[in-house]
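Working notes, beginning with the structure itself.
Rule-based calculations on the coordinates, nothing more; no lab input. On a predicted model such as this, the values are computed, not experimentally measured, just so you know. Glycine also receives a Cβ, built like all others from the backbone with ideal geometry; neighbour counts cover every protein chain displayed.
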Amino acid sequence: MLTERPTQPIAGQRPGTSGLRKKTAVFMAPGYLENFVQATFDAIGGAGGKSFVLGGDGRFFNDRAAQVILKMAAANGAARVIVGQGALLSTPAASHLIRLNRTDGGIILSASHNPGGPDEDFGIKFNTPNGGPAPEAVTEAIFQRTQAIERYRMLEAPDVDLDRIGVHELGGMEVSVVDPVADYAALMAGLFDFAAIRALFAGGFRMRFDAMHAVTGPYARAILEGRLGAAPGTVINALPLPDFGGHHPDPNPVWAAALMEEMFAPDGPDFGAASDGDGDRNMVVGRGIYVSPSDSLAVLAANAQLAPGYRGGLKGVARSMPTSAAADRVAAALGIESYETPTGWKFFGSLLDAGRATICGEESFGTGSDHLREKDGLWAVLMWLNIIAERKESVAEILGAHWRRFGRTYYSRHDYEALPVAEAEAVMTGLKGRLGSLPGTLVEGMRIVSADDFAYQDPVDGSVSRGQGLRIVFEGGARVVLRLSGTGTEGATIRLYLERHVEGPEGLDQPVQEALAGMSAAAEALAGIRAATGRAGPDVVT
Ligand code: G1P
Ligand code: ZN
């Protein structure tokens, strides 16, 4: 039975580009999820006759939310919804299914790398028919609808058995429950030389993949252990759990400390990797060597042609502004375009859609290519494996060779988290007000050549985004960048990004924080974060 239920606007339903993220309890409150889903359908001109993809990262409330959304889609007249078995889909797999099936978009349930559980976070995100996150015009239209909503449509029906693969019927709508991995694995098999990677594993190459009890477990098991012959047990924490085992499913040296320890042990595996809650982020580690995401992007760009899907070369490389310029140096050497965009994957989407960039990445453990419209954790891992298989070198050798050829860009991000909002804003406005006077001055013995508040004009649609981060560049290309996080949920977070390029051949093997000590001192002299906040140092260093 179809019902129209009266409702009224609920405060705080403004989605960002990574969707709407709140505490799980907020999402579970009566009408909260329903209002947002109805607003989404209304904002895209209704769901009547349309098809969608639906799935999530398996966190607490994922299964319940999926049933609600299916019944609402049916009540709104949708023709078909493609759902991952068990309501699971990684974000990249969802993006691929949208594109493969040419659906009218998709709904992804995730709060990415944020912890999950009844007391933690939940999230929902709408992706458009190109497979990418909804652009601001769409998220704004959704928000406007949430403010005017008066009713939502709901089908009264039993739950669909989402554990059973196959075609189900729900109030006249088709629900196709699919294997969440199959189509994604086929896409990967087309991009990478699976035979070469299989031979690598057959030769005794040892790998550890930490799925962090999040959605990539089934993907990594099926692809690495299943199709590529990695030893059983290569993938750890492979079972997606509603609370991610009580951990942060965030692949960085802090939250994947156990993996780091194993990789730095004397007889550690040859290669290590981890992925986040919804599978779009990745961390890559060699035996005894950590690969910074900025370096990873540069290495992937420099070696992409070793993988079958990229044999024809790259159209361009894009990185977010705070990501190190290491990838730019590769682009210059390859004679291809490089792009510096504001933080956030949506800016890459426009370049990928227009065929101007092939590979893109962010310092925040996100890398991807034009094979879909999200960042893709497992894709980056497979690309590394393909490169290792072709070059027949260790991660340390590949990085060393890269630095000798392009120089090394030392890089680190320092996060000052949960600051009082007023304090954080005072630091930023203080520095912003002084930017104009900085060029030409010396800080810690280094000359500043430019200082600005980063603004970006999209080369495809001409749109301009201002206020994207304070950028101070020194002679030789060293940089200090400051911006406020747009994703934190508690107080304000200042992200300080430090970078210094060393051309070599000397000085390529310094400890990172040592190599950046001068930049860190310069940043404090310029912005005075510690002085203003009373903090002794950053909360997280990556
Ligand atoms: C963070 C990352 C950024 C990424 C975003 C969404 O945003 O820094 O690169 O695009 O998460 O995954 P921030 O908190 O810095 O605004
Ligand atoms: Zn994510």
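Values computed for the structure shown
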read-out: Pairwise label distance in nanometres, Ala521 with Met1, each label 7 Å out on the Cα-Cβ vector; value: 7.6
read-out: log10 of Debye I(q)/I(0), alpha-carbon scatterers only, for the range 348-433 at 0.14, 0.18, 0.20, 0.21 Å⁻¹; value: -0.79, -0.98, -1.04, -1.07
read-out: Paramagnetic reach from Ala332 in the range 456-487 [backbone N under 13 Å; point 7 Å along Cα→Cβ]; value: 476-478
read-out: Karplus-derived 3J(HN,Hα), 6.51/-1.76/1.60, for each residue of the range 176-193, Hz, glycine and proline x; value: 9, 8, 10, 4, x, 9, 3, 5, 5, 4, 5, 4, 5, 5, x, 8, 10, 7
read-out: Rounded if a/c under 1.5, otherwise prolate or oblate - the range 1-123, Cα gyration tensor axes; value: oblate
read-out: Neighbour-count order for Leu482, Leu352, fewest beta carbons within 10 angstrom listed first; value: Leu482, Leu352
read-out: With 5 Å bins from 0: P(r) over the range 415-533, alpha-carbon pairs, percent; value: 2, 10, 20, 21, 18, 15, 9, 4, 1, 0
read-out: 20 Å reach of a label modelled at Asp243, 7 Å along Cα-to-Cβ, counting backbone N of the range 1-37; value: 22-29
read-out: Other-chain or far-sequence residues with amide H under 5 Å of Arg287's (modelled H); value: Val395, Ala396
read-out: Residue-averaged [θ]222 nm for the chain, counting only DSSP H segments that reach four residues, each worth -39500 (n - 2.57); value: -9000 deg cm²/dmol
read-out: Fraction of antiparallel bridges per DSSP, the chain only, in percent to nearest 5; value: 70
read-out: Shape call, the range 257-300: gyration tensor on alpha carbons, a/c limit 1.5; value: oblate
read-out: Between the range 43-64 and the range 199-221, the alpha-carbon center distance in angstrom; value: 29
read-out: For the range 115-144 and the range 419-459, distance of Cα centres in Å; value: 31
read-out: Loop-located trypsin sites (Lys or Arg not before Pro) in the range 356-394 whose Cβ has at most 13 other Cβ within 10 Å (DSSP); value: Lys392
read-out: Whole-number percent relative contact order across the range 65-203, with pairs defined as alpha carbons under 8 Å at least 6 apart; value: 35
read-out: Within the range 1-148, percent of DSSP bridges classed antiparallel, to nearest 5; value: 55
read-out: Backbone N within the range 1-20 under 14 Å of label point (7 Å from Glu140 Cα along the Cβ vector); value: 15-17
read-out: Alpha-carbon Rg with Dmax, taken over the chain, Å; value: 23.2, 74
read-out: Net length gained if the chain between Ala148 and Val421 were fully extended (0.36 nm per residue, minus Cα distance); value: 95.3 nm
read-out: Relative exposure of Ser90, Ser364, judged by other C-beta atoms within 10 Å (fewest first); value: Ser364, Ser90
read-out: Qualifying lysines (Cα of each under 29 Å from Cα of Lys71; at least 8 residues distant if same chain); value: Lys22, Lys23, Lys50, Lys125
read-out: Helix axis angle, 293-303 relative to the chain longest principal axis, alpha carbon, degrees; value: 90
read-out: Gain on full stretching of the segment that runs from Asp179 to Gln67 - 0.36 nm per residue minus C-alpha separation; value: 38.6 nm
read-out: Rounded to 10°, Cα long-axis angle of helix 377-391 versus longest principal axis of the chain; value: 50
read-out: Karplus (6.51, -1.76, 1.60) ³J(HN,Hα), θ = phi - 60°, over the range 126-142, in Hz, Gly and Pro reported as x; value: 9, 10, 7, x, 7, x, x, x, 4, x, 4, 4, 6, 5, 5, 5, 4
read-out: Test item: Cα-centred dipole of the range 1-120, Lys/Arg +1 and Asp/Glu -1 on Cβ, debye; value: 160
read-out: GluC sites (Glu not before Pro) lying in DSSP loop within the range 149-186, provided at most 14 other Cβ fall within 10 Å; value: Glu150, Glu156
read-out: Cα centre as origin, Lys/Arg/Asp/Glu Cβ charges: the chain dipole, Debye; value: 740
read-out: Over the chain, relative contact order from alpha-carbon pairs under 8 Å, at least 6 apart, %; value: 12
read-out: Approximate spin-label separation Val254-Thr441, in nm, with each point projected 7 Å along Cα-to-Cβ; value: 3.0
read-out: The range 154-171 and the range 250-266: distance between their alpha carbon centers, rounded to Å; value: 41
read-out: Sparse-neighbourhood loop sites, trypsin sites (Lys or Arg not before Pro) in the range 129-172 - DSSP loop, at most 14 other Cβ within 10 angstrom; value: Arg164
